[in-house]
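Each remark here refers to the structure printed beneath this line.
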Amino acid sequence: SWTQFHNPLIVLPALSPSPKVQGTHPECSIILQLQKREAECLERIRRESQSPALPGQEGCPTDWDGLSCWPALPLGQSRAVACPDILSVFKKSEGLIQRNCTEWGWSLPSPPYHSSCQLETLSSNNDTEAKARGTPGLHFVTMKVLYTCGYSTSLAALLLAIGIFSCFRKLHCTRNSIHIHFFTSFILRGTAVFIKDSVLFSDESIDHCTMSTVTCKAAIAFFQYSVLANFYWLLVEGLYLQTLLLLTFTCDRSYTWGYILVGWGVPMVTVGVWVLTRLHYDDHGCWDDYSSLYWWVIKAPILLAIFVNFLIFLNVTRMLAQKIRCPDLSQSHKQQYMRLTKSTLLLIPLFGVHYVVFALFPEHVGVDARLYFELVLGSYQGFLVALLYCFLNGEVQAEIRRSWGKWQRSMESNVFNLATQDFTA
């Protein structure tokens with residue numbers, strides 16, 4: 001096994017890829033490279049063992065020490081290798097490691113890897129980082145608590161908002177129907193995060209880098225679908241707003257099915273293509289390695305949705321400025337435009353800007369910033385959507401006040417009737 005070598009590299013036995021970044025974490029890449037090199041070296045050893053040694057060729061056979069593959073060497077000779085290139089992600093590798101072929105077999109590497117490759121300072125650097133950021137485990141535990149609270153808050157707010165839109169008949173319309181679908185995509189996204197955590201990270205003894213089960217792949221596929229649906233229902237919100245402005249609030253209900261096909265259908269097709277691609281060409285791990293080229297099957301449609309939404313953002317801003325300046329437009333129509341537009345125009349840049357910025361950089365750059373945006377801040381986006389589209393909506397507030405007043409009057413009437421009955425009795 002790759003973990004059994006003569007001079008354990010200090011950092012490797014402690015490698016435990018942190019939740020949510022296992023696909024881009026350099027430590028997973030190191031482990032996978034080590035396993036690949038170990039397999040190649042063991043295959044070489046197997047072939048050599050099948051060829052009988054000729055007289056006078058005694059020496060040391062090919063050996064794998066956990067980091068390097070040492071080729072067969074005659075007795076009494078020595079060999080030196082450079083520090084493995086995979087260690088460069090931790091520290092600049094310098095120096096040579098030497099091993100001798102003795103009567104008792106291979107000698108231990110000299111100097112040790114952690115000394116020759118200048119990895120001794122890594123522990124002190126970790127101490128400094130621990131003081132600045134807390135221990136890595138605590139760092140991710142804190143982050144998990146934060147995004148768990150965020151998604152829980154969002155789920156509660158979104159369910160309440162869907163209940164409000166569903167219970168009040170006066171709120172039943174195409175606009176609010178689209179809002180409900182948008183809320184549902186957020187609920188799926190939050191649920192997918194919790195499912196992903198329970199499947200991938202419930203057991204700390206599992207090797208997250210090499211874990212490859214049908215359950216974990218299904219959890220990742222569902223997560224990718226929920227993320228895609230989230231972005232495409234945001235696109236539908238933008239398309240609907242633009243349609244309202246173009247058709248002056250005479251939008252036909254037949255458009256609703258088109259919106260549903262875009263919001264739920266496009267993500268379904270995209271994820272289906274991605275799943276088939278991974279099954280045939282890259283079926284390893286849990287499919288959460290974002291460094292894979294096939295990740296663009298998911299990433300490209302998201303970027304396309306964000307780009308189209310940005311164009312809609314610019315066009316709607318232009319159209320709104322023209323309509324508000326129009327003297328023939330009634331004040332009620334102006335208020336309708338403003339009420340829906342201010343919510344959607346706020347959400348479009350809010351949801352897309354950080355994703356576009358990070359998309360311009362490799363996946364391993366700015367991992368901490370990505371984590372905070374995607375997990376911590378992103379977990380509260382559902383709550384923000386429910387707040388903008390439902391709780392702060394004047395029409396919703398008026399309907400709730402009307403129903404509350406009606407209920408109060410009903411209660412007062414019941415109390416009065418009860419008191420009257422007692423008095424007459």
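Would you mind calculating the gained length between residue 317 and residue 174 on full extension (0.36 nm times residue separation, minus the Cα-Cα distance), in nm to one decimal?
Fully extending the segment from residue 317 to residue 174 adds 49.3 nm.
At 1.4 Å probe size, with every protein chain present, just tell me what the per residue accessible area of segment 238-319 comes to in Å². Kindly include the intermediate steps, with their values, before the conclusion.
Values: 4280 Å² over 82 residues.
I get 52 Å² per residue for this part.
Can you give me the solvent accessible area of residue 167 with a 1.4 Å probe, rounded to the nearest 10 Å²?
Estimated to the nearest 10 Å², residue 167 gives 100 Å².
Using a 7 Å offset from the Cα along the Cα-to-Cβ direction at both residue 212 and residue 397, what is the distance between the two label points in nm, to one decimal?
Between residue 212 and residue 397, the simple spin-label model gives 5.6 nm.
Please list 114, 280 in order of solvent-accessible area, largest first, computed with a 1.4 Å probe with all protein chains present.
Details: 114 50, 280 140 Å².
Greatest to least solvent exposure: 280, 114.
Could you order 308, 385 by accessible surface area, starting with the largest, using a probe radius of 1.4 Å?
Details: 308 50, 385 0 Å².
Of 308, 385, the descending order of accessible area is 308, 385.
Could you look at segment 140-220 and say what percent of its accessible area is carbon and sulfur, using a 1.4 Å probe and all protein chains?
Details: 2350 of 3490 Å².
Accessible surface attributable to carbon and sulfur in segment 140-220 totals 67 percent.
Sort 181, 284 from largest to smallest accessible area, using a 1.4 Å probe on the heavy atoms of the protein chains. Walk me through the numbers before you get to the answer.
Details: 181 50, 284 80 Å².
Sorted by accessible area, descending: 284, 181.
Could you list which residues have their amide H under 5 Å from that of residue 63, counting only those 5 or more apart in sequence or on another chain, with H placed in the peptide plane?
Those qualifying (amide H under 5 Å, at least 5 residues apart or on another chain) are 70.
Simple spin-label model, 7 Å along Cα-to-Cβ: residue 202 to residue 291 in nm?
So the label points at residue 202 and residue 291 sit 2.9 nm apart.
So how much accessible area does residue 202 have, in Å² to the nearest 10, using a 1.4 Å probe?
Its heavy atoms expose roughly 90 Å² to the probe.
What's the FRET efficiency of residue 373 with residue 35 using the Cβ-Cβ distance as r and R₀ = 35 Å, to the nearest 0.05?
Working: r = 32 Å, r/R0 = 0.91.
Efficiency at R0 = 35 Å is approximately 0.65.
Quick one: check the C-alpha center-to-center distance for segment 147-162 versus segment 367-410, whole angstrom.
9
The values are calculated or read from the model by the stated rules, or taken from the named source; none is laboratory data. Quantities reported herein were computed from a predicted structural model and do not represent experimental measurements. A quick note on method: Cβ atoms are made from the backbone with ideal geometry, for glycine too, and the neighbour counts reach across all protein chains shown. Heads up: the accessible areas ignore ligands, DNA and RNA and are worked out on the full protein's heavy atoms, side chains in. Shrake-Rupley method; radii C 1.70, N 1.55, O 1.52, S 1.80 Å.
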